[in-house]
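A quick write-up on the structure given underneath.
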Amino acid sequence: MDADVIVIGAGVAGLRCARVLEDAGLRVLTVDAGQSVGGRIRSSRIDGFICDWGLMTVNPQMPAVHRWVDLSRLDLHFPLAALLVRRTDGPQLFGDPRRVPRLLPSMVRSRMISAADLTALARWSSSGLVGGRVLDSDNDTTLLASLDEFRVRGALREELLLPVLSAMLADSSGTTSAAYAKWVLHSILAGTPGLPAGGMQALPELLASQLRDPVRLEVHASAVLETGGGVEVQTWGDTLRARKAVVAVSPEAVNQLLPVRRPRMQGVVTWWFRTPSAPFSLPVFALDGRGPIGPVWTAVEVTSFAPSYAPPDSHLVAAKTLLDRFDGRASVRVVRRHLAAIYGVPTDDWEVVAHFELPNAVPTHRPPLSDRQQVRIWDDVYVAGDHRKTGSIHGAMVSGQRAAEAVLVDLGIIGALPRRRRALPELYPLQPAASDPAAT
Ligand SMILES: Cc1cc2nc3c(=O)[nH]c(=O)nc-3n(C[C@H](O)[C@H](O)[C@H](O)COP(=O)(O)OP(=O)(O)OC[C@H]3O[C@@H](n4cnc5c(N)ncnc54)[C@H](O)[C@@H]3O)c2cc1C
């Protein structure tokens, strides 16, 4: 036997799974087809700039991140808990009044939000939540239908909520599960997401560095077979044997190894621009609230709060476009023009440092939300990955934890877990993160 358990895939799901199994005293062999760990969480260093493959962030209030990641070693940097929203009559700063109270007077003056709209939003966002968990997946419907049902209307819906959620869900159609959309909204309200000083890939690298046995890279699994008494993992060039295997590969590859349906995925494009000056005076994410103008769904000058992303005195702006609306073919000219409209500054001299097109960025979550999918596929073969839970770092890590727990139960190392036991609360404590500088 090469190990007690072979974990295939060293994204955050596989890395969390391997850690739990190792902590239980098992010999774990983690393999990955790639040249580095992290899967979809990748960063490239280009001419002194750090460009993550996606405009992604770490939310320290995500329960899985909070509990299982040594955040002190990531050196996280945070923007303000606020957004620059481009409206027809000009830019408006909109922030969480608990964390950035100084924005409150201008928000009130803007008349962007009425008391009735806020009440409707509060009713909508808390509906279906019991004990902090999105339980109501039986009555789940699409985001748009659910907002209509709760009469969430007006500028709050059109100029703020829908653009923010579209960017975060990587879906502007409004057909994502309302239950999942609420989960995402709660995550934003609970804590400001930030960036590690060394780039997003620092997160999986940290998880990998804490494993006893290093991840074996450039090992591509081509088949997983049960042999009666164990498993065989065929790779390009070798056959590995173990008592159990956990398949934690990318969603688009999972059905090549297991008899499960290939998850439907949504695509995202991330643009990185070097800019001659800061496009805005505050470290905030920006978006266009004027309806579906596109193609940019959100943008931020990352160097305004994470200066290590660029050489000294340089400015780096990231912008996210979606593959669902413009087929990913939005030209740089169109992206620049839209960024000029959002920021109200000329962008002709913004130079593209990098551009990443990821057609398989995150799984779709259509209603009804199904975030507790089967973990054991055969007697000795298990599956993990964000597509089994939710398309997030939290979802991926929880899925890895659940797969590891199932292995430990089946090996008799821990007792059977109650059927509906939850490793973690599903939603965040609704309070600012202690590490959130905007909280002070
Ligand atoms: C553009 C973008 C933005 C995002 N933004 C956020 C965000 O802001 N916040 C957030 O929480 N989440 C975000 N996410 C989602 C988050 O990154 C993912 O949910 C999470 O990283 C998925 O981890 P995973 O381990 O499930 O899968 P993956 O990261 O896909 O890992 C799977 C691994 O399996 C390996 N593999 C595949 N096939 C084989 C094979 N045959 N043999 C061996 N190895 C194989 C791959 O090389 C890969 O390393 C974003 C994702 C993208 C793409």
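Numbers at a glance
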item: Potential extension, L118-S281 segment - 0.36 nm per residue separation minus Cα distance; result: 55.9 nm
item: Cα gyration tensor, the range 1-146 - rounded (a/c under 1.5), prolate or oblate; result: prolate
item: Global geometry of the range 86-206, whether rounded, prolate or oblate, following the gyration tensor of its Cα atoms and the 1.5 cut on a/c; result: oblate
item: Per-selection metrics, the range 325-398 (Cα): Rg and Dmax in Å; result: 19.3, 60
item: C-alpha center-to-center spacing [the range 257-320, the range 200-224] in angstrom; result: 26 Å
item: Positive-end residue, the chain charge dipole about Cα centroid, Cβ charges, pick of A197, S187, A361; result: S187
item: Relative packing of 183-193, 8-18, 254-264, which averages over residues the other C-beta atoms within 10 Å, highest first; result: 8-18, 183-193, 254-264
item: Top positive-direction residue, dipole computed over the chain with Cβ charges, set G154, G267, M56; result: G154
item: Computed over the chain: relative contact order in percent, which uses C-alpha pairs under 8 Å that are six or more apart; result: 26 percent
item: Of all accessible heavy-atom area on the chain, the percent that carbon and sulfur account for (1.4 Å); result: 51 percent
item: Angle in degrees between helix 178-190 and the longest Cα principal axis of the chain, rounded to the nearest 10; result: 70 degrees
item: Calculated log₁₀ intensity ratio I(q)/I(0) where the Debye formula runs over C-alpha points of the range 224-369, q = 0.15, 0.20, 0.21, 0.22 Å⁻¹; result: -0.82, -1.15, -1.23, -1.32
item: Reachable lysines, given that their alpha-carbon falls under 27 Å from the alpha-carbon of K244 and they are not under 8 places away in the same chain; result: K389
item: Pairwise Cα inverse-distance average, inverted: Kirkwood Rh of the chain (Å); result: 22.5 Å
item: The chain, accessible area per residue, ligands and nucleic acids excluded (1.4 Å, Å²); result: 41 Å²
item: Cα gyration tensor shape of the range 170-269, rounded if a/c is under 1.5, else prolate or oblate by comparing a/b with b/c; result: oblate
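The values are calculated or read from the model by the stated rules, or taken from the named source; none is laboratory data. Remember, predicted model here, so these are calculated numbers, not experimental data. Positions of Cβ are generated from backbone atoms using ideal geometry, with glycine treated the same way; all protein chains shown enter the neighbour counts. For accessibility, only protein heavy atoms count, side chains too; no ligands or nucleic acids. Shrake-Rupley method; radii C 1.70, N 1.55, O 1.52, S 1.80 Å.
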